[in-house]
Structure formats: structure tokens, C-alpha cells
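Take a look at the structure set out below.
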Amino acid sequence: MTKKSKKTKPDFSLPESGRKRTFILYTENFFELIKLSLIFILFSLPVFTVFASATAMNYVISKIMNDRLVFIWDDFIKAFKSNFLRSTLYGILSSIIFIILIMGWNISIFLGVILILHTVYFYPIQAWIDLPFRSVVRNAMLIQFVAYKTTLKIFLILIILIPFIWIFRPITYFLIPFFSATIVFLLNSYAMQPIQKYLIIKKPEEDPAFNDSDDIHINI
């Protein structure tokens, strides 16, 4: 279980946004993220469950990013079960499309990159917002292009991260299971900014991370 930010000084307050906030939340929850990484690997072992596991991990990390009370195991299980069908369907379809695209090269590579970036937005939205499946897919695509500056930052992170993992293999293959949540935490810290900006979210009353809005409005 993670706790909300503790005050180390009388005048301390967690920044509302920015790199400093991300760093504070990361350092405070470092060991919880290690635990989350191991849970993610455990639930991804059948392979086909990796997509639901990715959604569940994004849900837990989104709560951490919003500085909410988090029960790592319970919240992961809850999100895994409730998002299993949609996440698996999306994961299988996107994987098939991606394989077809990379086999075509040229313009297909560009489309493949767009698809990868789309998944970065899809999983947080699927985990965090109660929307029909088609709306989740559409909104992830819209935000991907409307928030192009954020999308570019995510792209730069990926083109640095992927070669790094490849160059320093097999060491990175051993470390990734322990730091997969760290990678998602970094991507989520960027992706959630436009998601929260462009979506007024309908949120369950039982989750303190949610506001009191009765409807969802796309502000794009």
C-alpha cells in the first residue's frame, strides 16, 4: 500500500505538475513500483493476459500519479478483472495490425509508430475512464494528435529506450521485470497530462481519485 505524500517540512506541498512532482512521487513509491513490476510479470505469464496486465498497471500508476491512496495488489486485481476482455481484444487486434504493418515497411513503419503511440494513450484511458470501447480507441487517437507535443516527447523516450534495451541485452532482459512499472510510470506521467486536460471524466464515487462530474465531455 502506498500512502499520500508525507510532509517533510512544515511548508512542504506536492507540486501540482511538472518534473519535480513526478520525481517526488517516483522516489516515494519506488519499492511499490518494484512490487507492481513483479505482479505485472506474474499476471503476464500466460502471455495473452499481458494486455489486461498492462491496463491494470496503468490504473495503479495513474492513482500514484494523482497522489491517491493505493493498495497495489487489490487495485491491480480489480483493474485486471474489470478490463480483461477489452484490453485483450485491443491487444490482439493491435498486435495483428502492427505485424502486418512492419512487414510492409515504408509508410507502414510510420503507421506502426502511430499504433505504438496509440497504445500509450489507450491503456491509461481504458484503465481510468468509464467509456465504451469504441470511444476509448477514438479518444486515444484524437489526443495522440491534438497533444502532439506530448506525443513527441513520448516518441523520443521510446526511441531512446528501445535501442538502450537492445544494446545492453541480456542485462536489460534481467532488469526489465523489476523496472517495467518504472518505464510505464515515465510514459504515464506524460500521457495522463493531455488525458486529464481534454477529458472531463465521469468517475465512480467510491474512488477518491475521481471528481463529481456526471458526464464525460471531450474538450477537443
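The values are calculated or read from the model by the stated rules, or taken from the named source; none is laboratory data. Just so you know, these numbers come straight off a predicted model, no measurement behind them. In this analysis, Cβ positions are derived from the backbone assuming ideal geometry, glycine residues included, and neighbour counts consider all displayed protein chains.
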(1) among the aromatic types (Phe, Trp, Tyr); (2) in contact with a Ser or Thr (Cβ under 7 Å, 6 or more places away or on another chain); (3) within 14 Å of Val50 (Cβ to Cβ): which one isn't true of Trp128, the others all being true?
-> (3)
Criterion violated by Ile114 - all others in (1) hydrophobic (A, V, I, L, M, F, W, C); (2) surrounded by fewer than 18 Cβ atoms within 10 Å (Cβ to Cβ); (3) more than 16 Å from Ala191 (Cβ to Cβ) satisfied | (3)
Out of the stretch 27-81, which residues are aromatic (Phe, Trp, Tyr) and either within 25 Å of Leu93 (Cβ to Cβ) or in contact with a Cys (Cβ under 7 Å, 6 or more places away or on another chain) (or both)?
-> Phe40, Phe43, Phe48, Phe51, Tyr59, Phe76, Phe80
Of all residues in the stretch 47-90, which are under 13 Å from Phe185 (Cα atoms) and assigned to a helix (DSSP H, G or I)?
-> Ala54, Thr55, Ala56, Met57, Asn58, Tyr59, Val60, Ile61, Ser62, Lys63, Ile64, Met65
Could you run through the stretch 138-160 and say how many residues are touching a Leu at 6+ places or on another chain (Cβ under 8 Å) and free of Cβ contacts under 8 Å to residues at least 40 places away in the same chain?
-> 4
Determine, yes or no, whether Leu199 is at pLDDT below 80, within 18 Å of the chain's Cα centre (by Cα), surrounded by 12 or more Cβ atoms within 10 Å (Cβ to Cβ) and aliphatic (A, V, I, L, M).
-> yes
Of the residues that sit in the stretch 116-139 and are more than 19 Å from Thr151 (Cα to Cα) and over 13 Å from the mean Cα position of the chain (by Cα), which one is modelled with the lowest pLDDT?
-> Asp130
Cβ pairs under 6 Å, 6+ apart or interchain, first in the stretch 35-54 and of a type in the set (Val, Ile, Thr), second part of a helix (DSSP H, G or I), ordered by first then second residue, are Ile39/Phe76; Ile41/Pro177; Thr49/Phe43; Val50/Ser44
